[in-house]
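Colleague: The following block contains the structure, expressed as structure tokens.
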Amino acid sequence: MGMRILVIQGHPDPAGGHFCHALAHAYAEGASAAGHEVRRLSVAGLALPVLRSEAEWQGPAPPDVAASQRDIVWAEHLVFVYPLWLGGMPALLKAFLEQVARPGFAFDAGPNRSPWQKKLAGRSARIVVTMGMPALVYRWYFGAHSLKSLERNILGFIGIEPIRESLVGMVGAADPARRTVWLAKLRRLGAKGR
């Protein structure tokens, strides 16, 4: 039986055409071909106001955010695809995560405000990050700090596990053969729902 998979395209360019878009498409294509149900969400196409206060964060979600939350609840597996910009995720993807991970939806305080209730538990995730530097340099020299923050401080905090990652380095210098290898890998991961 297939899984319900939500592929979240985190590249902020609404025009598309970047390797992130090709990778997300390859994953979705592989998943669909293997019988999984797939939905796609492009962060660049959403109306995402920037949160400026706790009151805004605790208030009602804007329409695009509420629709995204429904897709997240539907999904059993989430796939995030984004480029590394200035050592972290693009600001638009961070704004998206701040909007969807609202109290009452993603987590709740427990009795007497003790341990958090992780309301999105039971879902797994894959994070696919493209970058201009070698992936090993990002992982070992820079400590993959922004990736670890996403895994631990956002996804883990709201109950998503296990979380797997694919780091695609040297994207700008990659020749067509290397890109083909990565696209095939993402198709295989999509087919497995991993």
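The values are calculated or read from the model by the stated rules, or taken from the named source; none is laboratory data. On a predicted model such as this, the values are computed, not experimentally measured, just so you know. Glycine gets a Cβ as well: all are built from the backbone with ideal geometry, and neighbour counts include every protein chain shown.
For (1) of a type in the set (F, W, Y); (2) at pLDDT below 95; (3) under 13 Å from the mean Cα position of the chain (by Cα); (4) within 27 Å of P162 (Cβ to Cβ), each residue gets a yes or a no:
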{"site": "V65", "(1), (2), (3), (4)": "no, no, no, yes"}
{"site": "S68", "(1), (2), (3), (4)": "no, no, yes, yes"}
{"site": "V73", "(1), (2), (3), (4)": "no, no, no, yes"}
{"site": "L78", "(1), (2), (3), (4)": "no, no, yes, yes"}
{"site": "L93", "(1), (2), (3), (4)": "no, no, yes, yes"}
{"site": "E98", "(1), (2), (3), (4)": "no, no, yes, yes"}
{"site": "R102", "(1), (2), (3), (4)": "no, yes, no, yes"}
{"site": "N112", "(1), (2), (3), (4)": "no, yes, no, no"}
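Colleague: Among (1) more than 20 Å from F19 (Cα to Cα); (2) touching a Lys or Arg at 6+ places or on another chain (Cβ under 8 Å); (3) among the aliphatic types (A, V, I, L, M); (4) outside any loop (DSSP other than H, G, I, E, B), there is one condition L150 misses while meeting the rest; what is its number?
Modeller: (2)
Colleague: If you don't mind, there's one more thing I want to ask. May I ask you to list the residues in the range 81-105 that are part of a loop (DSSP other than H, G, I, E, B) and either among the β-branched types (V, I, T) or surrounded by 21 or more Cβ atoms within 10 Å (Cβ to Cβ) (or both)?
Modeller: L84, M89, listed by residue number.
Colleague: Separate question: Under 19 Å from V7 (Cα atoms), out of contact with any strand residue (DSSP E or B) (no Cβ under 7 Å at 6 or more places or on another chain) and either part of a helix (DSSP H, G or I) or of a type outside the set (D, E) (or both) - does that describe any residue in the range 137-147? Spell out how you get there, then give the answer.
Modeller: Pass one, the range 137-147, residues under 19 Å from V7 (Cα atoms): 147.
Now restrict to residues that are out of contact with any strand residue (DSSP E or B) (no Cβ under 7 Å at 6 or more places or on another chain): none.
No: zero hits.
Colleague: Kindly evaluate V7 against the criterion of being surrounded by 15 or more Cβ atoms within 10 Å (Cβ to Cβ) and in contact with a Ser or Thr (Cβ under 6 Å, 6 or more places away or on another chain).
Modeller: no
Colleague: Taking V128 as the residue in question, decide whether it is in contact with a strand residue (DSSP E or B) (Cβ under 9 Å, 6 or more places away or on another chain), hydrophobic (A, V, I, L, M, F, W, C) and modelled with pLDDT under 95.
Modeller: Against the criterion (in contact with a strand residue (DSSP E or B) (Cβ under 9 Å, 6 or more places away or on another chain), hydrophobic (A, V, I, L, M, F, W, C) and modelled with pLDDT under 95), V128 does not qualify.
Colleague: Condition (residue is surrounded by 20 or more Cβ atoms within 10 Å (Cβ to Cβ), in a loop (DSSP other than H, G, I, E, B) and touching a helix residue (DSSP H, G or I) at 6+ places or on another chain (Cβ under 9 Å)) applied to the range 27-43: is it met by at least one residue?
Modeller: Yes, the range 27-43 contains at least one residue that is surrounded by 20 or more Cβ atoms within 10 Å (Cβ to Cβ), in a loop (DSSP other than H, G, I, E, B) and touching a helix residue (DSSP H, G or I) at 6+ places or on another chain (Cβ under 9 Å).
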